[in-house]
Protein chains: 2
Amino acid sequence: MTTTSIQMRSLFQPESVAVIGASSSPGKIGYKILNNIISSGYQGKIFAVNPRGGEILGLNAFTHVSDIDSQPDVAVVAVPASRVFEVIVDCARRGVKFATVISSGFSEVGNLEEERKIVKYAREYGMRILGPNIFGHFSSVVSLNATFGPRDIPSGNVAIITQSGALGVAMIGKTSVQKIGLSTIISVGNKADLDESDLLDYLRDDPGTQAVLMYIEGIRDGGRLINSLVKTTRDKPIIVLKSGRSKKGAIAAASHTGSLAGSDDIFDAIMKQCGVLRAENIQEALNWCKYISNAPRPSGENTLIVTNGGGVGVMATDACEKFGVPLYEDKQRLSEEFSAVTHGFGSTKNPIDITGEASVGEYTSALDTALNDGKIHAVIALYCETAMMTSEELSKMVIEQNQKYQHQKKPIIFSLFGGSLTEEAVSRLIEHQVPVYTEVYESISPLGALFRFLRYGRKTEEFIREPEIDSQLIKTVIAETRKDNRQFLLAHEAQTLLRAIGLAGPNSRVVKTIGETVDAAEEIGYPVVMKVVSRDIIHKSDVGGVLLNLENPHEVMDAYQTIIHNCKSFRRNAIIDGIEIVEQVPKGTEVIIGARQDKSFGPVIMFGLGGIYVEVLKDVAFRALPVSHQEAQMMVRDIRSYTMLMGLRGEKRKDIDGIVDAILRVGAVCRQFPEITDIEINPMMVYDQGSGVKAIDVRILLSKSERNT
Amino acid sequence: MTTTSIQMRSLFQPESVAVIGASSSPGKIGYKILNNIISSGYQGKIFAVNPRGGEILGLNAFTHVSDIDSQPDVAVVAVPASRVFEVIVDCARRGVKFATVISSGFSEVGNLEEERKIVKYAREYGMRILGPNIFGHFSSVVSLNATFGPRDIPSGNVAIITQSGALGVAMIGKTSVQKIGLSTIISVGNKADLDESDLLDYLRDDPGTQAVLMYIEGIRDGGRLINSLVKTTRDKPIIVLKSGRSKKGAIAAASHTGSLAGSDDIFDAIMKQCGVLRAENIQEALNWCKYISNAPRPSGENTLIVTNGGGVGVMATDACEKFGVPLYEDKQRLSEEFSAVTHGFGSTKNPIDITGEASVGEYTSALDTALNDGKIHAVIALYCETAMMTSEELSKMVIEQNQKYQHQKKPIIFSLFGGSLTEEAVSRLIEHQVPVYTEVYESISPLGALFRFLRYGRKTEEFIREPEIDSQLIKTVIAETRKDNRQFLLAHEAQTLLRAIGLAGPNSRVVKTIGETVDAAEEIGYPVVMKVVSRDIIHKSDVGGVLLNLENPHEVMDAYQTIIHNCKSFRRNAIIDGIEIVEQVPKGTEVIIGARQDKSFGPVIMFGLGGIYVEVLKDVAFRALPVSHQEAQMMVRDIRSYTMLMGLRGEKRKDIDGIVDAILRVGAVCRQFPEITDIEINPMMVYDQGSGVKAIDVRILLSKSERNT
């Protein structure tokens, strides 16, 4: 069930709110919420509902939802879990649009049944559920604090969606202390109905929201989420904090794709694919939110560091490299422009070092020069406490400079290092909304995040066209496998499927008599490999059923007889369906391409170099499907061992176009046929540019039932 | 010139201090320093020296150093650079033990000459120089603030050595704000004479110092520094902050060892080898210092997380993995011990989640249980702001718990997340010296650093015994190369050197007639390779001077004639010294071992897997020489691709003992013969365990002059 952004407005801009389970005893959640709604300055209608009626916080309480004289847009439900269903029934019947279910005691303690019942009932009436197991929601545009968290939530332009209620409540306090104003904070709890995607659909269009911070513990409908993220990050930054990075969570699986997908890396890869900024810890996430929601959008990435201390300057250079902030490097221009404002011992290279001898006036000139230079797009201003500037002078200068250049689209970041006088200056600057930090690394990280966000926005949005694949043939192969009650494809079935998606495997023919061997071998081309075809012989090599490196008619005929002899010695009555003559594929660079149905994200695809690269170094790239041609190219470039494909030691460049094409084809079948749970080509040989690729071995697994749920 | 720790005492605990260039105008550095010394409460004698005499800050100023009526232990020199030498002359003659030269204008602006002159003169009189170009030094044990930085420096147990004066001055303020007390802070500036090693020699024995923070920009005598670091970190943690990590600094060099050594990785590797904790940024360094200098030393690493919020609990688990903090995992014991103190929705797995419903009493019980459990060695206590505990209750509880268990050798770290009430609690706790943080990641990083420090201390100190090498033969080879005016060894010379250090290359013999070929080949064993030996033919392969894969007497004799023919066709008059018959070495796992004279650290050694591992993945390990047997083993284990050597896909384990032995031998020659600037074996074949290694190719370079300076 999808809800449009316009419908979602009733949750964030309701004309009326009812609190079911409103209470007049201050210890109760039903009191806290009602009190927060009343005192937050909400101008809509407020209804209190309590079976005992009476007056609650100055309102006449209704004993029953049905008694309310108008349809509330939102009902906040704060009654014991056992009573929630009946309340939902009442609300749905009364025409409530959104019920936010504060109560806990549902799927988080195993009571999934009750939760489903509630959602099912609500949906029949077109009512949507937020929660259960949440602390509520806050919406600054209508001054509505319908949470049991702190009363005062400063308004601003950052939206927070949190899966953890406890963390959300604490985060309200934290953002307030750090002067980060919120447009909204929403607890999604068990996500029985509404989830992050629905909320993003609203926030994307909400003019009051300039950045979204999401705290995620687990993902349900990853495919939908990806969609919402992609649509949102084109315009607004999304910062994600996801815990559970540790490796313990990696699952044991049959394929490499599966075992590697279990790790946190896939989440990371997909967030990058969606243009989401993933923060490592809470403070980093908050810093990014605060900074990016207010910073101007620069026209380029040429960054200049101005410093009055050499040490912090070098540290900033290191931090710029770490966080992907490119330093402007035209030494001659810099020297021309800045020699007037640097001292004898200073430096006009980037960082511009005006030295500890610099006065406030000189610092100001240096900043003026930097900010008026059209080739410089962003400035990092470092200060290391000296006796040359007082705390007042310093903060006055920074505030003035920050204001003076606010109309320009140039982000400035200030980093001030020192003792109590510096800390005082920092406090004053924070009051004035200046982006200021006390640690060099901490100050540069948000600028790096801003650049990453903008880079994503500049990526051309490509129309995704999957290569054509032979769906009819694929269906036939799957049907045969199903008929046989198997969940895996046999070698020849897998080869057929490969052909159906347009990928070449080794040429092969099955012969039934010795007379056919030479013709077949010559058609394929020497050298060839010969293998017995028999359902009675599983481990063909072990019984002498496979011979390699056969180079001429003589060897091929000999091999035929040898294989038959070996197999009959192994099992006298073995039914031999024939002998397969297979092209002996020349050596190339081995790669691996795998796709699978991920539990969280749906169809995903993996690429890496084969052998030890995947087994030992885990050097692979992941993407959610479908991928565009451009995205598939980026995937290939993402692996650490990419240079191997560019041709090392005078070797030729490998056929990267062939790899990209194979990625798109494997991706297409996995996305279009959800009952294919795993497909992995390993190895795929890649030859020199223009010479293509060849899938040597492929494993394909199917879901248990015909419909993959 | 070495100075013992006892002699160094006069710098840190002087009985008298003279300020040369003392001034009575408050803007001057000579005023600031004298004023700081007087007002810091220093009890020794203080002399002011100024050519104009008079009274300065209540002291009768001497017009000349020679007028001072006793020998000052320390002279602080704050006169213009041009006058420093004459002052040094006076001080040295007057018997001053240490001159701290504040003045700048020396090697940092290219004036190395003057700096050397000063040191040379001082040394003749046994006087040592700190600086020049410094802000001075502070020593808490005698309450001496002989800096021009802030007046009040809180005393404590952290020593700071900084190469940057500006950063040092700012750091005084910063540590003060963060309640980090200092035992000393010393600016080393240009390190014309005294350097970090001398200071460490004192600090190692200083009972007032529990941790050393070093800010390093560049290293001069790396070998000596390594020595001092190793000796110090056995007992006291050293935290290093080194800027200049960025890759731009990497040097272009002939060998892989050289080009990889240019990067910051080598500094990093050697710091680890020395047991030094390298921080990434200033705040991390300060956090580690503060925490480790005060934390108890636990008897193990079993760590337990107690939390009242699930979200922060999971984040802490991630952070523990990142920072190397092992979580205690005996689920059954934890369940038995903690089920009484966790709520229904809580968890007795580590993290112990007592949920947001927990009261102060319940939090206290959980901590009691954890801290009284003999199997748990360290506790991380997380708090996510709830309405269940007031800020006062919380801080009271934390202070009490922290005190109650201070006698136990169990580190506790508190991490409190929330709004203004939580911040208030945090401030109170910091006043009470409780290790408390407001960010989960930030709180766990110091515990990880403590564990790393302690692990290093537990490492058995191994007596380093280098393998015996044939020094006489090595000298002969080098002498021959020198005689030829070459800085590189020819192939056969390099092979001789390899033999001299006890490493096997491919067997080979040079024959001069066709009659000798078969005997030689059979002695070596088929297959063999044959190569022309001729100084007239450089690119042997190109002219058909090399033939591979010769398997029998017939092929060997044919090859002899073919090679002679090919070479004569190429150049009719070429002098052919013979034909080399070389063992055709079987394929093994290719590794690379290189050693070189590093500009900063002296002899260093590198190990990695050959080919793309070193070229593309830069997967190598570095150590400073000499290395112990244990350290060489750790080096091999350090590379990411180590599992390759353990035997992949059913392969046998490779001969790691052989690799370790080769590392020690290459290390020995590079350390014992400094004129060998580069030695690189690439590739070295490693065979299955017990089957040894074989050096296939080796490049050896010599320094320009006979003595490597």
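Here are some notes:
- Check on B:LEU213, more than 17 Å from B:ILE129 (Cα to Cα), within 14 Å of another protein chain (Cβ to nearest Cβ), among the hydrophobic types (A, V, I, L, M, F, W, C) and surrounded by 24 or more Cβ atoms within 10 Å (Cβ to Cβ): yes
- Meets criteria (within 14 Å of chain B (Cβ to nearest Cβ) and open to solvent by 40 Å² or more (accessible area, probe 1.4 Å)) for A:ILE430: yes
- Among the residues of region B:136-189, just one is in a helix (DSSP H, G or I), away from chain A (no Cβ under 13 Å) and either closer than 29 Å to B:TYR437 by Cα or in contact with a helix residue (DSSP H, G or I) (Cβ under 6 Å, 6 or more places away or on another chain) (or both), namely B:SER140.
- Failed criterion for B:LYS117 (all others in (1) touching a Phe, Trp or Tyr at 6+ places or on another chain (Cβ under 7 Å); (2) buried (at least 20 other Cβ atoms within 10 Å of the Cβ) hold): (2)
- Scanning region A:688-706 for residues that are open to solvent by 40 Å² or more (accessible area, probe 1.4 Å) and outside any strand (DSSP E or B) turns up A:GLN689, A:GLY690, A:SER691, A:ILE696, A:ASP697, A:LYS704, A:SER705, A:GLU706.
- Within region A:649-679, the set of residues being open to solvent by 10 Å² or more (accessible area, probe 1.4 Å) and farther than 21 Å from A:ARG637 by Cβ comprises A:GLY650, A:ARG671, A:GLN672, A:PHE673, A:PRO674, A:GLU675, A:THR677, A:ASP678.
- Filter pass, B:GLY136 being of a type in the set (Gly, Ala, Ser), surrounded by fewer than 24 Cβ atoms within 10 Å (Cβ to Cβ) and touching a Phe, Trp or Tyr at 6+ places or on another chain (Cβ under 9 Å): no
- Members of region B:82-135 found to be of a type in the set (A, V, I, L, M), assigned to a helix (DSSP H, G or I) and under 29 Å from the mean Cα position of the chain (by Cα), listed by number: B:VAL109, B:LEU112, B:VAL119
- Residue match in region A:654-676 (condition: within 14 Å of another protein chain (Cβ to nearest Cβ) and of a type in the set (D, E, K, R)): yes
- Among the residues of region A:289-302, not a single one is within 11 Å of chain B (Cβ to nearest Cβ) and either open to solvent by 50 Å² or more (accessible area, probe 1.4 Å) or touching a residue at least 12 places away in the same chain (Cβ under 8 Å) (or both).
- Qualifying residue in region A:371-389 (condition: within 14 Å of chain B (Cβ to nearest Cβ) and of a type in the set (Val, Ile, Thr)): yes
- Candidate set from region A:320-344 (those that are within 12 Å of chain B (Cβ to nearest Cβ) and open to solvent by 70 Å² or more (accessible area, probe 1.4 Å)); member that is farthest from A:GLU357 (Cα to Cα): A:LYS322
- On the stretch given as region B:261-287, residues that are away from chain A (no Cβ under 14 Å) and not β-branched (Val, Ile, Thr) total 9.
- Test result for A:VAL436, within 19 Å of A:TRP288 (Cβ to Cβ), of a type in the set (A, V, I, L, M, F, W, C) and within 12 Å of another protein chain (Cβ to nearest Cβ): no
- Scanning region B:390-399 for residues that are more than 14 Å from every other protein chain (Cβ to nearest Cβ) and more than 15 Å from B:VAL306 (Cβ to Cβ) yields B:GLU392, B:GLU393, B:SER395, B:LYS396, B:ILE399.
- Residue that is nearest to B:PRO14 (Cα to Cα) [pool: residues in region B:141-152 that are open to solvent by less than 30 Å² (accessible area, probe 1.4 Å) and at pLDDT 95 or above]: B:LEU144
- The set of residues from region A:413-427 being closer than 22 Å to A:GLY356 by Cβ and either within 14 Å of another protein chain (Cβ to nearest Cβ) or open to solvent by 10 Å² or more (accessible area, probe 1.4 Å) (or both) comprises A:SER415, A:LEU416, A:PHE417, A:GLY418, A:GLY419, A:SER420, A:LEU421, A:THR422, A:GLU423, A:GLU424, A:ALA425, A:VAL426.
- Condition met for B:THR317 (open to solvent by less than 50 Å² (accessible area, probe 1.4 Å), among the polar types (S, T, N, Q) and within 11 Å of chain A (Cβ to nearest Cβ)): yes
Yes or no, residue by residue, for (1) under 26 Å from B:ILE663 (Cα atoms); (2) open to solvent by 50 Å² or more (accessible area, probe 1.4 Å):
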site: B:TYR456; (1), (2): yes, no
site: B:VAL477; (1), (2): yes, no
site: B:HIS492; (1), (2): yes, yes
site: B:VAL511; (1), (2): no, no
site: B:GLU516; (1), (2): no, yes
site: B:GLU523; (1), (2): no, yes
site: B:PRO527; (1), (2): no, no
site: B:ILE538; (1), (2): no, yes
site: B:HIS554; (1), (2): no, yes
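- Selection status of B:ILE38, β-branched (Val, Ile, Thr) and closer than 28 Å to B:PRO154 by Cβ: yes
- The single condition among (1) over 24 Å from A:PRO150 (Cα atoms); (2) out of contact with any Lys or Arg (no Cβ under 6 Å at 6 or more places or on another chain); (3) of a type outside the set (Gly, Ala, Ser) that A:VAL65 does not meet is (2).
- Within region B:242-281, considering residues that are among the basic types (Lys, Arg), at pLDDT 85 or above and more than 22 Å from B:ALA595 (Cβ to Cβ), the one surrounded by the fewest Cβ atoms within 10 Å (Cβ to Cβ): B:ARG278
- Among the residues of region A:84-110, those that are in contact (Cβ under 8 Å) with a residue 12 or more places away in the chain and open to solvent by 60 Å² or more (accessible area, probe 1.4 Å) comprise A:ARG93, A:LYS97, A:GLU108.
- Among the numbered conditions (1) open to solvent by 10 Å² or more (accessible area, probe 1.4 Å); (2) over 39 Å from the mean Cα position of the chain (by Cα); (3) at pLDDT 90 or above; (4) not small (Gly, Ala, Ser), the only one that A:TYR363 does not meet is (1).
- Consider region A:1-33 and keep the residues that are surrounded by fewer than 21 Cβ atoms within 10 Å (Cβ to Cβ) and within 28 Å of the chain's Cα centre (by Cα). The one that is modelled with the lowest pLDDT is A:MET1.
- Candidate set from region B:43-66 (those that are assigned to a strand (DSSP E or B) and of a type outside the set (D, E, K, R)); member that is farthest from the chain's Cα centre (by Cα): B:ASN60
- Verdict on B:ARG465 being of a type in the set (Lys, Arg) and surrounded by fewer than 15 Cβ atoms within 10 Å (Cβ to Cβ): yes
The values are calculated or read from the model by the stated rules, or taken from the named source; none is laboratory data. Only a predicted model underlies this, so the values are computations on that prediction, with no experimental measurement involved. Reconstructed Cβ throughout: ideal geometry from the backbone, glycine too, with neighbour counts over all protein chains shown. Remember, those area values only see protein heavy atoms, side chains included, never the ligands or the DNA or RNA. Shrake-Rupley method; radii C 1.70, N 1.55, O 1.52, S 1.80 Å.
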